[in-house]
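Here's the structure we're looking at; comments come further down.
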Amino acid sequence: MAKLTKEAFISALKEMNIKEVMELVNGLKEEFGIDPTAVVAAAAAPAAEAAEEKTSFKVTLKSDGGNKLGVIKVVKDVLGIGLLDAKKLVESAPAVLKADIKKAEAEELKAKLVEAKAEVVIE
């Protein structure tokens, strides 16, 4: 009997319906005395830990750092809002400037604000 490759096995599984997969699982339990679902659960645990890594970040302005006008200008430009809205946002610090953004975008926003002397936190 020819050895079944991983790719061929996966391809065969994709073609099975739920009933056939359950019969396969039961056959593995009977033949080898193992529970494939336990193996999958054990293998998924490290993957779940890796999946918990943050993918969404929030940038919070803590204070203007004594450079209110400079920070207002940066906030206005970065967020694409009006000068009055930017002023209100900076004056209401601590304030969330952007939420649910990627890490690179959060770091870029923080760098611009820190350059303007603002105190910024990425969460």
Practice prompt. Just reorder Ile81, Ile18, Ile34, Ile72 by solvent-accessible area, largest first, 1.4 Å probe, all chains present.
Written response: Ile18, Ile34, Ile81, Ile72
Item to complete: With a 1.4 Å probe and every protein chain left in place, tell me how much accessible area Leu13 has, in Å² to the nearest 10.
Response: 60 Å²
Worksheet item: Per-residue HN-Hα couplings for the stretch 118-123, Karplus 6.51 cos²θ - 1.76 cosθ + 1.60 at θ = phi - 60°, whole Hz, x for Gly and Pro?
Response: 7, 9, 10, 10, 9, 10
Worksheet item: At what distance in angstrom do the alpha carbon centres of the stretch 1-30 and the stretch 68-123 lie from each other?
Response: 54 Å
Discussion item. Whole-Hz ³J(HN,Hα) for each residue in the stretch 7-20, computed from phi via Karplus 6.51 cos²θ - 1.76 cosθ + 1.60 with θ = phi - 60°, x for glycine and proline: what do you get?
Written reply: 4, 5, 5, 5, 4, 5, 4, 4, 7, 7, 8, 4, 4, 5
Discussion item. Restricting to DSSP loop positions (anything but H, G, I, E, B) with no more than 14 other Cβ atoms inside 10 Å of their own Cβ, which trypsin sites (Lys or Arg not before Pro) remain in the stretch 52-110?
Written reply: Lys54, Lys102
Worksheet item: Taking H as built 1.01 Å from N, whose amide H comes closer than 5 Å to the amide H of Leu97, not counting residues under 5 places away?
Response: Val59, Thr60, Leu61
Item to complete: Taking amide H positions as placed in the peptide plane 1.01 Å from N, state which residues far from Gly65 in sequence (5 or more) or on other chains have amide H under 5 Å from it.
Response: Glu119
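The values are calculated or read from the model by the stated rules, or taken from the named source; none is laboratory data. Bear in mind the structure is a predicted one, so any value in this text is a computation, not a measurement. Positions of Cβ are backbone-derived with ideal geometry, glycine not excepted, and every protein chain shown enters the neighbour counts. Please note that ligands, DNA and RNA were not included when accessible areas were found on the heavy atoms of the full protein model with its side chains. Shrake-Rupley method; radii C 1.70, N 1.55, O 1.52, S 1.80 Å.
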